[in-house]
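The values are calculated or read from the model by the stated rules, or taken from the named source; none is laboratory data. Please read these numbers as outputs of a predicted model, since none were measured by experiment. Ideal geometry is used to build each Cβ from the backbone, glycine not excepted, and the neighbour counts take in all protein chains shown.
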Amino acid sequence: MERISAHQFVMLGAAVLMGTTFFPVAQVALGVGGRDGWMAVLPAYGLALPLGLMILALAREYPGQNLIKISETVLGKWTAKGIGLVYLIVSIYFGALLLAQVEDTFKRSVLQLTPHVVFIGAMLFLVGALAWTGIEVFGRFAEVVFPLIILGLIANMVLTLPRFEWEEFFPVFGEGIKPILFAVLKLAPYACEYALFVAGVIAYLPQGGQDQTQLRTGVWRAVIIVGTVNALLTLTELLVFGPAEAKRLNYGLLSLGKLVEIEKTISGVESLFLLIWMGGMIIKVGAFYFMGMWGLQAVFGVQDHVKWYLLLAGVFFVIGLFFQNGVELVQELSVTDDYLILPLAILWIPLVWGIVRWRRRGKAG
Amino acid sequence: MSKKLIVLMASSLLLLSISGCWDKREIEELAFVVAIGLDYDAQTESYQVTFQMAEPSKGGEGGPKVDTRNITIEGKNMIEATSKSFEFINKQNIPGAVKLIIVGKDLAERGMNESLDFYQRLYLLRRTVFLLLAEDKAQDVLNVKLRTKDVPALTLVDIINNSSDWSISPLVRLGHYLTILGRKSEDPVIPVVRPVKPGENGMIYKADKEGEAEELQLSGAGIFKRDRLAGYLTEDETKGYLWLQDEIKLRLLDTSNEAPPVYGGRVVTTKTKVKLETAKGVKGVRFLISAKATIDEFQSREQADNPAEMAPFTYDAEEKMAREITRECEAALAKSKEMQLDFLGIGRQVEINDVNYWKEIEASWPEMLAEIPVSVEAKVQVINTGATFQGPVNSESEGEE
């Protein structure tokens, strides 16, 4: 079986956790949490920490298996198949929605007249090819692209410094702590998306004792890096647009990219930024494509054959093409996040982990 | 790096470049719209949208030149006007080059958000474009044939930057205007532009065509109640606004409102701080302005030719300049209170400094603006007197009498 290194797991995990969340994070955080909403970002991503560590603990107990397989041992075959089916559906549906979001992002900005089928088809070709070459290549892709995304985000934030309206930062805690907590809850699904990916990728992790420590540290690192960068990005959007504008803007990061102007020499670099963001989109859609494949394998026992990759790509294509209304799409992504991904992750992972731990204690007792 | 990965990354780049060619247009097919003027005609109940295009051409011996082409289109909304423009413009209208949007007085009085909506949604149009308010019609400003033969929009951009550097009028971008609209406690301000005929507003020049305005002036500002023009700031009030907003960069200042001797100076650094203070149980806002200035002009027959003689004059200049700054600020404050429009962001300052108090008074804002005590304290420090201590002197006291 294919294996990825601990470093690849860290970079892949971080890239999936980041994914395309840099697009909506400020709008959601400031929309729900108001002026202090940026404070909710790091704690919300922090939810990935307990979930990720629980999954790694289970992977230690059941090496070479993903969480659906582990659930078969812990919860019974049919319960696990049921959960696996939900995992499969959620992965395919959400992955296809993200695919449609790629198209929405480009059509709203730099490529307004390019037909839908070009975006969806081109992205699927890349994602499908990436998946077919295997998780190890996917890991390497993340190793190259994730640092570029982080550098791109930092560059964008720094270059918009002249547009900062510093007073937008104040008053701090003007509305108390409650809106921040609501924002944490609203952002929590981003961490759950990551946890569901980790639930599948654990089958490919290295098994050595030293690797285990690196993997655990890797989860911490991913959460801290992504949480901090996205919190700073939210803060940047707050300081540039103010809370009301940040809430009103679709994909505020795109508008932020357009604000980059260095005197009369450099401007119009938003297309370069979009090229970098596309790397994040490929990783995120790719992650859900992999998850769909793992779900198919675990629930229906399908083999690693090209026909299943093509079938999955076909389903992604149809769903992706169906959502052409950007407003509906954003709404659908939010609903899927809130009512499918969040409950699945926070119920399934702690349940399996809790039962395994309880049984082990029982045996020890 | 594995071969597969290289192939994948190369495919990504190739695919991206292919999609970019989908809707490509050659540069000569594009119309570079550099300014948009928005007017409203109450009689026909329609908008008049002026597109100012800069058209590069080969020019003569002096190298390439840029010609101006203006076209004003009437429509019931921005979409209709834009759509109609394609009946007249032989090139693809590209809003990515827009540098400024000028709003006519009639439209500003009616409320301009509905017409700006179309442009703020356009991804190609940057939020960094400048917003100006025309004293009368926006198209009149854009149709001015400048003596320099330059494109009015590009000249205006330079005037805006110059005027912002010398703190004559506020620099307002579309993005900033939208951010201010998002604040419950603050109203927007937009600088005013006008065509100037020979002899008007202190500008004397010889026009190529008699009776035509061939220069543009940026001074004063329009005050808005949300998106509707509610009044104007005079030059002094605008300067007061800039002090209170801490938007002064460099500033030329004179003390001609004071008793002689008159000093002229240049403010080189300044900082405005805002404090919420309680006096006799009443909360008020206090602006503290500190500035460093040079003395660049000293209109007096009394002269000083050494530091010891000059020092008292610098102290006098400091006091007079501080009073001048205070006077300008008080003029802006009086206008704000008189019009009950919080364009100075006093409510926002209360919110920043004491959010609980703000919540108490928020419902009665801006009506309460007239009641809340606001004070200004300015301090000026003269740092030098330029190249000399004293002005030019007549030899042997000739002419002193």
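Worth pointing out:
- Top-ranked residue of region A:221-245 - restricted to ones that are surrounded by 23 or more Cβ atoms within 10 Å (Cβ to Cβ) and not hydrophobic (A, V, I, L, M, F, W, C), ranked as farthest from the other protein chains (Cβ to nearest Cβ): A:Gly227
- Scanning region A:198-218 for residues that are closer than 11 Å to A:Ala14 by Cα and modelled with pLDDT of 95 or more returns a single hit, A:Val198.
- The numbered conditions (1) part of a loop (DSSP other than H, G, I, E, B); (2) within 13 Å of another protein chain (Cβ to nearest Cβ) are all true for B:Asp117 except (1).
- Checked against the criteria, A:Ala298 counts as modelled with pLDDT under 95 and not basic (Lys, Arg).
- Condition met for B:Ser169 (part of a helix (DSSP H, G or I), away from chain A (no Cβ under 14 Å) and either modelled with pLDDT under 95 or crowded, with 20+ Cβ neighbours inside 10 Å (or both)): no
- Residue check, B:Leu218 surrounded by fewer than 20 Cβ atoms within 10 Å (Cβ to Cβ), within 14 Å of another protein chain (Cβ to nearest Cβ) and within 17 Å of B:Val103 (Cβ to Cβ): no
- A:Val110 being in a helix (DSSP H, G or I) and either modelled with pLDDT under 95 or β-branched (Val, Ile, Thr) (or both): no
- Residues in region B:184-215 that are within 14 Å of chain A (Cβ to nearest Cβ), surrounded by fewer than 21 Cβ atoms within 10 Å (Cβ to Cβ) and of a type outside the set (Gly, Ala, Ser): B:Lys184 only.
- Residues that are of a type in the set (D, E, K, R), farther than 18 Å from B:Leu242 by Cβ and surrounded by 13 or more Cβ atoms within 10 Å (Cβ to Cβ), drawn from region B:256-285: B:Glu258, B:Lys275, B:Lys283
- Evaluation of A:Arg248 against (1) farther than 30 Å from A:Leu67 by Cα; (2) more than 10 Å from chain B (Cβ to nearest Cβ); (3) surrounded by fewer than 20 Cβ atoms within 10 Å (Cβ to Cβ) (one fails), failing number: (2)
- Filter result for the condition that a residue is more than 29 Å from B:Val172 (Cβ to Cβ) and in contact (Cβ under 8 Å) with a residue 12 or more places away in the chain, over A:Val184, A:Val172: A:Val184
- Among the criteria (1) under 18 Å from the mean Cα position of the chain (by Cα); (2) crowded, with 16+ Cβ neighbours inside 10 Å, the one B:Gly231 does not fulfil is (2).
- Some residue of region A:312-320 being without any contact (Cβ under 8 Å) to a residue 12 or more places away in the chain, farther than 26 Å from B:Leu13 by Cα, more than 14 Å from every other protein chain (Cβ to nearest Cβ) and not polar (S, T, N, Q): no
Yes or no, residue by residue, for (1) in contact (Cβ under 8 Å) with a residue 60 or more places away in the chain; (2) buried (at least 20 other Cβ atoms within 10 Å of the Cβ); (3) in contact with a helix residue (DSSP H, G or I) (Cβ under 6 Å, 6 or more places away or on another chain); (4) more than 14 Å from every other protein chain (Cβ to nearest Cβ):
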{"site": "A:Ile283", "(1), (2), (3), (4)": "yes, yes, yes, no"}
{"site": "A:Leu310", "(1), (2), (3), (4)": "yes, no, no, yes"}
{"site": "A:Ile346", "(1), (2), (3), (4)": "yes, no, no, yes"}
{"site": "A:Trp353", "(1), (2), (3), (4)": "yes, yes, yes, yes"}
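- Filter result (within 7 Å of another protein chain (Cβ to nearest Cβ) and either closer than 15 Å to B:Val7 by Cβ or of a type in the set (A, V, I, L, M, F, W, C) (or both)) within region A:93-124: A:Leu111, A:Leu113, A:Val118, A:Ala122
- Here B:Asp106 passes the criteria (1) in contact with a Leu (Cβ under 8 Å, 6 or more places away or on another chain); (2) in contact (Cβ under 8 Å) with a residue 24 or more places away in the chain except the one numbered (1).
- Any hit, region B:376-389, residues being away from chain A (no Cβ under 14 Å), touching a Pro at 6+ places or on another chain (Cβ under 8 Å), at pLDDT 95 or above and farther than 20 Å from B:Thr270 by Cα: no
- Here A:Pro189 does not qualify as surrounded by 16 or more Cβ atoms within 10 Å (Cβ to Cβ) and either within 14 Å of chain B (Cβ to nearest Cβ) or among the aromatic types (Phe, Trp, Tyr) (or both).
Quick grid of which residues meet (1) in a strand (DSSP E or B); (2) farther than 17 Å from B:Val382 by Cα:
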residue: B:Tyr241; (1), (2): no, yes
residue: B:Lys249; (1), (2): no, no
residue: B:Arg266; (1), (2): yes, no
residue: B:Lys273; (1), (2): yes, yes
